[in-house]
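The values are calculated or read from the model by the stated rules, or taken from the named source; none is laboratory data. Please read all numbers here as calculations on a predicted model, not as lab measurements. Ideal geometry is used to build each Cβ from the backbone, glycine not excepted, and the neighbour counts take in all protein chains shown. Heavy atoms of the whole protein, side chains included, go into the accessibility calculation; ligands, DNA and RNA do not. Shrake-Rupley method; radii C 1.70, N 1.55, O 1.52, S 1.80 Å.
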Amino acid sequence: MYESFFGLKESPFNITPDPRFIYLSRHHLEALSNLLYGIESRRGFIEITGEVGAGKTTLCRTLLQETQGRVHSAFIFNPKLSEVELLQGIVEDFGITPKGKRRKDYFDALNRFLLQELEKGMNATLIIDEAQNLSPRALEQIRLLSNLETTREKLLQIVLVGQPELHDLLARPDLKQLRQRIVVRYHLRALDQEDTAKYIAHRLRVAGSEDQFFTPEAIERIYALSEGVPRIINVLADRALLGAFIKEFRIVEAAQIEEAQSDLEGVRV
Ligand SMILES: Nc1ncnc2c1ncn2[C@@H]1O[C@H](COP(=O)(O)OP(=O)(O)O)[C@@H](O)[C@H]1O
Ligand SMILES: [Mg+2]
């Protein structure tokens, strides 16, 4: 709505997990390096946790892009599935057609597929987003998938991504076997104030503007109100730009952030 007023080519603060907009803060970069290391070392599970809106899904999508041609991924983003549905989802996402619909059919088909991928030099990876929603039984199923291996390495790398509850879920005594196979763990933190400023500048640049629009005081307010959580930064910055546009201000000051916040009050961001 306000894009042309600010000379932007597109909306800078959408809340979709678009990897084109990724700003690699130190935390995001560390998370990405951990993911790459975990996948490339082919040794087991990777656990990535972070609060809602920290950038986990965006990071996964960036990972898929960065590893195109080397890593063949299945991406499950709705893990409230039964065990068999989960297997079905994985097989489908890899583009495999099993002989039947029994658990064994899925396992056999996957095993064959994974061996072929290995021969081709591809690294097969299963990414499960919102993994805190997996049932313990589904997690056990996933552990069984990690048994698919050659004598030297795992055939399937498994990345579990979720809110902090995922860590508590994995702490259950009955999931000890799975927990012991986690080789990489990373908790994605929110941005600090300096990164919040760089993050905002970065997204504006990707959307087509070198101008900054936000005063340092406005950024300070955004940081204070969002505590550095990218999703909340987006919602506040978007609303503030809209407010400025309506008043025909080219610059967003701290007062606009307060207004944006009260506009949003009551609305859970
Ligand atoms: N490092 C980042 N760079 C750019 N945008 C980000 C970054 N982290 C998060 N975002 C943005 O914040 C919003 C929420 O991110 P998302 O990946 O959906 O978070 P999560 O999956 O952790 O809940 C999205 O609009 C996303 O593009
Ligand atoms: Mg997400």
Being within 13 Å of residue 156 (Cβ to Cβ) and in contact (Cβ under 8 Å) with a residue 40 or more places away in the chain is the filter here, so list the residues in region 84-106 that pass it. 87, 90
Note on region 116-128: residues within 16 Å of ligand 1 (Cβ to nearest atom) and in contact with a helix residue (DSSP H, G or I) (Cβ under 6 Å, 6 or more places away or on another chain) are 127
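Residue-by-condition table, conditions (1) under 17 Å from residue 19 (Cα atoms); (2) open to solvent by 60 Å² or more (accessible area, probe 1.4 Å):
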residue: 51; (1), (2): no, yes
residue: 61; (1), (2): yes, yes
residue: 67; (1), (2): yes, no
residue: 83; (1), (2): no, no
residue: 97; (1), (2): no, yes
residue: 109; (1), (2): no, no
residue: 113; (1), (2): no, no
residue: 123; (1), (2): no, no
Residue list for region 47-103, filter: closer than 23 Å to residue 235 by Cβ and assigned to a loop (DSSP other than H, G, I, E, B): 51, 52, 53, 54, 55, 77
Per the filter on region 153-169, residues touching a residue at least 60 places away in the same chain (Cβ under 8 Å) and either assigned to a helix (DSSP H, G or I) or within 14 Å of the chain's Cα centre (by Cα) (or both) are 159, 160, 161, 162, 163, 164, 166, 167
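I need a count of the residues in region 125-145 that are open to solvent by 10 Å² or more (accessible area, probe 1.4 Å) and of a type in the set (Ser, Thr, Tyr). Spell out the reasoning first.
Filtering region 125-145 for residues open to solvent by 10 Å² or more (accessible area, probe 1.4 Å) gives 130, 132-133, 135-137, 140, 143-144.
With of a type in the set (Ser, Thr, Tyr) added as a condition, the list becomes 135.
Of the residues in region 125-145, 1 are open to solvent by 10 Å² or more (accessible area, probe 1.4 Å) and of a type in the set (Ser, Thr, Tyr).
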Quick check, is residue 38 in contact (Cβ under 8 Å) with a residue 12 or more places away in the chain, within 17 Å of residue 185 (Cα to Cα), more than 14 Å from the chain's Cα centre (by Cα) and open to solvent by less than 40 Å² (accessible area, probe 1.4 Å)? yes
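Have a look at 107, 113, 75, 94 and point out the one that is aromatic (Phe, Trp, Tyr) and touching an Asp or Glu at 6+ places or on another chain (Cβ under 8 Å). Walk me through it before giving the result.
On the way: 107 fails: touching an Asp or Glu at 6+ places or on another chain (Cβ under 8 Å); 113 fails: touching an Asp or Glu at 6+ places or on another chain (Cβ under 8 Å); 94 fails: touching an Asp or Glu at 6+ places or on another chain (Cβ under 8 Å).
The conditions single out 75.
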In region 1-46, what residues are within 15 Å of ligand 2 (Cβ to nearest atom) and part of a helix (DSSP H, G or I)? 19, 21, 28, 31, 35
Can we say residue 160 is surrounded by 15 or more Cβ atoms within 10 Å (Cβ to Cβ), in the same structural domain as residue 54 (by TED's automatic domain parsing) and within 16 Å of ligand 2 (Cβ to nearest atom)? yes
Could you tell me how many of the residues in region 1-37 are among the charged types (D, E, K, R) and within 14 Å of residue 54 (Cα to Cα)? 3
Scan region 170-196 for residues that are open to solvent by 30 Å² or more (accessible area, probe 1.4 Å), touching a residue at least 24 places away in the same chain (Cβ under 8 Å) and in a helix (DSSP H, G or I) and jot them down. 174, 177, 193
Any idea which residue in region 70-80 is farthest from residue 21 (Cα to Cα), counting only those that are surrounded by fewer than 19 Cβ atoms within 10 Å (Cβ to Cβ) and modelled with pLDDT under 90? 80
